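Below is one structure, written out as structure tokens, with a few remarks after it.
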Amino acid sequence: MRYLLGFIACSLFALGTLNAQTPKINSSTDIYHAIEKLNFLGTALYIAAHPDDENTRLIAYLANNVKVRTAYLSLTRGDGGQNLIGPELRELLGVLRTQELLAARRVDGGQQFFSRANDFGYSKQPTETLEIWDKEAILGDVVRTIRKLKPDVIINRFDHRTPGTTHGHHTASAMLSYEAFDLANDESAYPEQLEATKTWQPKRLFFNTSWWFYGSQEKFKAADKTNLLHMDVGTYYPMLGMSNNEIASLASSQHLCQGFGRLSTRGTEDEYIELLKGDLPKNKSNLFDGIDTTWKRVDGGKAIGDILYKVQENFNFKDPTIHIPALLKAYNLIQGLSNDHWKNIKTEELTSIIFAISGLHLEASTETAYTNPGEEVEVQVQALNRSNLNIKLKSVFLNTQKVAIENEPLTNNNLITKKVDLAIPASTNYTSPYWLMEKGTLGTYKVTNEDLIGKPETPRAFNAKFLLDINGTAIPITTPVVYKYAKPDKGEIYQPFEVVPEATASFTDKVLIFADANKKKIPVTIKAHQDNISGSIELKYGKDWKVDAYKQNFSIAKKGDEQTVYFTLSPPSTESESIISPILSINGKEITKELATIAYDHVPTQTVLLPSEAKVVRLNIQKAGENIGYIMGAGDEVPTSLEQIGYNVQLIDPATITTESLKKYDAVVLGIRAYNVVDELKFKQRFILDYAKNGGTVIVQYNTASRWGAQFENIAPYDIEISRDRVTNENSEVNIIAKDHSLVHFPNEIDENDFNGWVQERGLYFPDKWSQEFTPILEMHDEGEDASKGSLLIAPYGKGNYIYTGLSFFRELPVGVPGAYKLFSNMLSIGKDKVETNVKIKG
Ligand SMILES: [Zn+2]
């Protein structure tokens, strides 16, 4: 809602409520703060690669201390990260992290933009990043953002001169910004953009450096700082009752899915920025020094400034309504500006201020979270003036539909309410993030509608347009139609109002492994998003696969209810991969999408439509052993994957581990980062190693080197040192160096082809030193690097075996990579090829 966006104090108050749609509190201090910002005509753009890369201290400082219009351009939406707070990964994680960035900006007062770059996973070098991103397209997106936003200064989070020292996405973001700084003003660059925008030359480009980039505090102290600007960003804002650092900490604590919830910092805080392009400011604590940021920078602005500076100077905190005549005069002058850029920005800001001073409350809300195209929905329109100003509501439109209100006087504190049946046209698009509507590439989203590129969200489909007459000046205010309700245990909740399909269908498992020729019964859940819905569901499947009764009927009485139908799928006799997808037919309309909902308290609820499908894989896989014990670490889906190929997997509570308790397992597997996150293991490690010694198989998946202190020196029965070595190119060549080892022969023959089709990476945190008892099985490397042999190590121990592997099984198994299944099955089966002599554990 366009109340006072960018007012930090009101945003802070709004934190107690559930999301961005909730009306803000507009106190006199908030209004004063907004007037200060209204009187600053300057823009700063901060550029980095991921949600959570941004320096919220500097963004908060610019937005609240310097009062600059401040924006953060995050090239990606962070799809490639992990998720601390829920199950969302990949596209859905990108949607969640987009909302976390918007939540952070509501706190620190900045704005948020994106490019079409997809966070495809870790890359060591920017060259690799820029091969996977469509470099021309992403550079064009940075140029477009600069042309639209028209920043005076740009600040890069990362150094464009030091490839290889940080994530390739990071350096690439700085390199693109460095290039775009000049291209934005070049008519021959991306000329197609110039139909909707104009060229623009920013004045200065900076790099947001710190001692960290110099290697140590001492080196930084000694460094030449001629080109460095310095600011103390720990400043306290008496008007807001908070320091800049506290605001910044609250903002970055919005990145909850990345585990950024943190304590507030207080006190003096040094911030340094290094000039890369443009002239060095004389005042080296002011990055706008020498840039006109007054109303005089706009043709016709002086008269506006004369009015507005006076309002700021004489601001009446007790009764700000006395400023309305002056503000309306300024509003009318702004409408006459020939500079559309500043006209639009300042109209929006001033409208919010007039709105806040009047105590206006304008709202259009529904009692339902969603509806379907072609339906009607009741909307409650409310208008309230909470001042003695002479305000008339001239008209209200819900999109193009006129509400029966005309020249209605809004007298002080008399609430006007009208209920309207809003017709949702049959042609209305379903609500969903615009960047996920079409299939993109690994590195770049596909967005056909150029107007949407850069926007954080899909614009809301339904809006209420209020036309007000305030003291004789006509002012339009637009606000999205929202869903408003109360929860007894939460209070009032505002949520986006959405348009969804009549019903959607989804598979419980996104990957189904057929380890043999047996049929499987596949459940498909149909969810109704309308009352009394019926139709048929059909399963689409690949050739060589067979389905009994591929088409079935369904009928659901109530919106929100579900029905599960089953299809029996027979795999082909040989190895094969295919996609299955359900198609719903309802009154002649076909629906092929599934609906995902993302709901957390710190962001507005999101609904996302994705293609409904599952991958089916027929494997010719052999295995030995039955019972697997799994000790979960940071969380992975490996146990479910192993069940899919017929293992009986039990999750082991670390507290219950004893020599006796492990005996029943054919193998014991430790989940990713188990030794990093499960403290209990330090007391249980001797039982785990004894289990191997007595004939069991222990498989340890990757752990990070940090916290790899003395407490885990016995992680393996022999010396082993974990490094930060990783192979990030999932297609990098793999050589089997232990060609005779049974790990590559029993019960499945493994060859180089089993490393085809891997996703995101080969593996991470490979050991770089190990004692001679270990046999390295594989060798691999990223381009231009030395070969690493540490990805898969095995050592016999007593009567059993110990395996350490940094291979990314936790990524490969859930997406159904056949070779990864076979290799994992071989690890679990190790030692079981020798006839029941000494290794078989008693069950
Ligand atoms: Zn990052």
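The values are calculated or read from the model by the stated rules, or taken from the named source; none is laboratory data. This structure is a prediction, so every number in the text was calculated from the model and none was measured. With ideal geometry, Cβ positions are generated from the backbone for all residues, glycine too; neighbour counts draw on all protein chains shown. Remember, those area values only see protein heavy atoms, side chains included, never the ligands or the DNA or RNA. Shrake-Rupley method; radii C 1.70, N 1.55, O 1.52, S 1.80 Å.
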More than 24 Å from residue 140 (Cα to Cα), modelled with pLDDT under 95 and more than 16 Å from the ligand (Cβ to nearest atom): does that describe residue 15?
yes
Give all pairs with beta carbons closer than 7 Å in which a residue from region 160-175 that is over 11 Å from residue 49 (Cα atoms) meets a residue that is more than 10 Å from the ligand (Cβ to nearest atom) and basic (Lys, Arg); count only pairs at least 6 apart in sequence or on separate chains.
164/124
Does region 518-539 contain any residue that is open to solvent by 70 Å² or more (accessible area, probe 1.4 Å) and either touching a residue at least 60 places away in the same chain (Cβ under 8 Å) or under 28 Å from the mean Cα position of the chain (by Cα) (or both)?
yes
Give the residue, chosen from 640, 605, that is in contact (Cβ under 8 Å) with a residue 12 or more places away in the chain and open to solvent by 60 Å² or more (accessible area, probe 1.4 Å).
640
In region 540-551, how many are open to solvent by less than 100 Å² (accessible area, probe 1.4 Å) and under 37 Å from the mean Cα position of the chain (by Cα)?
3
Qualifying residues in region 527-557 (those that are of a type in the set (Ser, Thr, Tyr) and closer than 23 Å to residue 616 by Cα) - the one modelled with the highest pLDDT:
536
Would you kindly identify the strands (runs of 3 or more DSSP E) lying entirely within region 366-461 that contain at least 3 residues that are of a type in the set (A, V, I, L, M)?
376-384, 391-398, 416-423
Just the residues that are surrounded by fewer than 24 Cβ atoms within 10 Å (Cβ to Cβ) and part of a loop (DSSP other than H, G, I, E, B), please, taken from region 50-78.
52, 53, 55, 67
Residue 78 versus (1) within 16 Å of the ligand (Cβ to nearest atom); (2) within 23 Å of residue 287 (Cα to Cα): which is the lone unmet condition?
(2)
Considering only residues that are more than 16 Å from the ligand (Cβ to nearest atom) and over 16 Å from residue 599 (Cβ atoms), look in region 90-104 and name the one that is surrounded by the most Cβ atoms within 10 Å (Cβ to Cβ).
91
Any residue at all in region 126-136 that's of a type in the set (Ser, Thr, Tyr), over 23 Å from the mean Cα position of the chain (by Cα), open to solvent by 20 Å² or more (accessible area, probe 1.4 Å) and within 16 Å of the ligand (Cβ to nearest atom)?
no
Region 557-568: number of residues that are crowded, with 18+ Cβ neighbours inside 10 Å and over 34 Å from the mean Cα position of the chain (by Cα):
1
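Yes or no, residue by residue, for (1) part of a loop (DSSP other than H, G, I, E, B); (2) within 16 Å of the ligand (Cβ to nearest atom):
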{"residue": "160", "(1), (2)": "yes, yes"}
{"residue": "166", "(1), (2)": "yes, yes"}
{"residue": "171", "(1), (2)": "no, yes"}
{"residue": "176", "(1), (2)": "no, yes"}
{"residue": "188", "(1), (2)": "yes, no"}
{"residue": "199", "(1), (2)": "yes, no"}
{"residue": "205", "(1), (2)": "no, no"}
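Table: residues versus (1) among the hydrophobic types (A, V, I, L, M, F, W, C); (2) open to solvent by 30 Å² or more (accessible area, probe 1.4 Å).
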{"site": "466", "(1), (2)": "yes, no"}
{"site": "470", "(1), (2)": "yes, no"}
{"site": "476", "(1), (2)": "no, yes"}
{"site": "483", "(1), (2)": "no, yes"}
{"site": "486", "(1), (2)": "yes, yes"}
{"site": "489", "(1), (2)": "no, yes"}
Picking from 35, 31, 47, the residue that is within 16 Å of the ligand (Cβ to nearest atom), open to solvent by less than 20 Å² (accessible area, probe 1.4 Å) and out of contact with any Gly (no Cβ under 7 Å at 6 or more places or on another chain) would be 47
All positions within region 233-274 that are open to solvent by 20 Å² or more (accessible area, probe 1.4 Å) and of a type in the set (A, V, I, L, M):
239, 240, 242, 250, 256, 263
